[in-house]
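K.L.:
Here you go, one structure.
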Amino acid sequence: MARRDPADFAEFVAARSPALHRAAYLMVGERGLARDLVRRP
């Protein structure tokens, strides 16, 4: 299994944050919780 670069993942999350937030909101139904799920470390 290939190792994944944390910096690549952080870049992906930053670029896709609005779409990830929308998807998280659709799953949990709460804006604050969706924001917490998508927040970068």
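K.L.:
Given a Förster distance of 22 angstrom, what is the FRET efficiency for residue 28 paired with residue 3, based on the Cβ-Cβ distance and rounded to 0.05? Kindly include the intermediate steps, with their values, before the conclusion.
P.N.:
On the way: r = 30 Å, r/R0 = 1.37.
According to the calculation, E is roughly 0.15.
K.L.:
In whole angstrom, and with the biggest value first, how far do the Cα coordinates of the chain range along each principal axis?
P.N.:
For the chain, the Cα spread along each principal axis is 34, 20, 16 Å.
K.L.:
Peptides 8-14, 19-25: what's the order by average Cβ count within 10 Å, highest mean first?
P.N.:
Answer by packing, highest mean first, reads 19-25, 8-14.
Only the coordinates and a few stated rules stand behind these numbers; no lab work does. All of these numbers come straight from a predicted model, not from anything done at the bench. Don't worry about glycine lacking a Cβ; one is built from the backbone with ideal geometry, like all the others, and counts go over all protein chains shown.
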